[in-house]
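The values are calculated or read from the model by the stated rules, or taken from the named source; none is laboratory data. Everything quoted here is computed from the prediction, not taken from an experiment. Side chains are part of the model used for accessible areas, which takes the heavy atoms of the whole protein and leaves out ligands, DNA and RNA. Shrake-Rupley method; radii C 1.70, N 1.55, O 1.52, S 1.80 Å.
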Amino acid sequence: MRVLATSGLLALAVASAAIADSPFTHRDGSDEGDSILPITSYPLGQSQVVSESMARNVQMYWIQRDMCEQMGCLIIRNEAKNYKVADFRIELVDRDGSSRWSRNQLLHPLLPTESVVRLKVAPAETCARQIKFILQHRKTKEKLELAGTTDFCPSPHATNMIRINVKSPEVTVEDVKN
């Protein structure tokens, strides 16, 4: 029983010392003054997680860049203001000659001004492939399908870019008085 009481006092002393060492309190331990904490993009005290994540992202960027230089890349950019690109599918040809659509090649929908990079890897006999994009209006949820053909053959130092944009006509009705 006596040990529990002592450890409880020790824990209280450590907790109060941690509060006094906080960068958001005055040296005398008071909390007077500004009470607004800074906005950070990571939990306080976990800066090593952020730095490791940034280092990993930089490393992946350079790997992707090197692979694009060696094999070529396909960049898909959504320039449609009111639509998100929900699906990106590629026509696959089976050994028996039948064709089918691949699974969705996007990890998440592409919002306006977002891009995604994919390596161009395809056998030489089926370089030109049909592709399909399914766009979804951000407010009305209306779906729109766009299709086309692109080259997926590896080609060093060559990058293909597909820009997706939807132009919708606008109709205005004016009351004309004679």
Not counting ligands, DNA or RNA, and with a 1.4 Å probe, what is V93's accessible surface area in Å² rounded to the nearest 10? 80
Ranked order, D87, D175 - accessible area, probe 1.4 Å, largest first: D175, D87
Using a 1.4 Å probe on the protein heavy atoms only, what accessible surface does D151 show? Give it in Å² to the nearest 10. 60
Reach of K81 by Cα under 29 Å, taken over lysines that are not fewer than 8 positions away in the same chain: K120, K132, K139, K141, K143, K167
At 10 °C and 1.306 mPa s, the Stokes-Einstein diffusion coefficient in µm²/s for the stretch 68-178, with hydrodynamic radius from the Kirkwood sum on alpha carbon pairs, is 101
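Residues of the stretch 106-178: accessible area per residue at 1.4 Å, in Å²? Numbers along the way, then the final one.
Values: 5480 Å² over 73 residues.
I get 75 Å² per residue for the stretch 106-178.
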Accessible area of the stretch 54-139 belonging to carbon and sulfur atoms, whole % at 1.4 Å probe: 53
Taking θ as phi - 60°, what are the ³J(HN,Hα) couplings along the stretch 83-93 by the Karplus curve (6.51, -1.76, 1.60), each to the nearest whole Hz, with x for Gly and Pro? 10, 10, 8, 7, 9, 9, 10, 10, 6, 9, 10
What are the ³J(HN,Hα) values, in whole Hz, obtained from phi via the Karplus relation 6.51 cos²θ - 1.76 cosθ + 1.60 with θ = phi - 60°, for each residue of the stretch 55-72 in sequence order, with x given for Gly and Pro? 5, 5, 5, 5, 4, 5, 4, 5, 5, 4, 5, 4, 5, 5, 5, 7, 10, x
Keeping all protein chains in the complex and leaving out DNA, RNA and ligands, what accessible area do you get for S99 with a 1.4 Å probe, in Å² to the nearest 10? 70
Additional length obtainable on full extension of the chain from S102 to K177, 0.36 nm per residue less Cα span: 21.3 nm
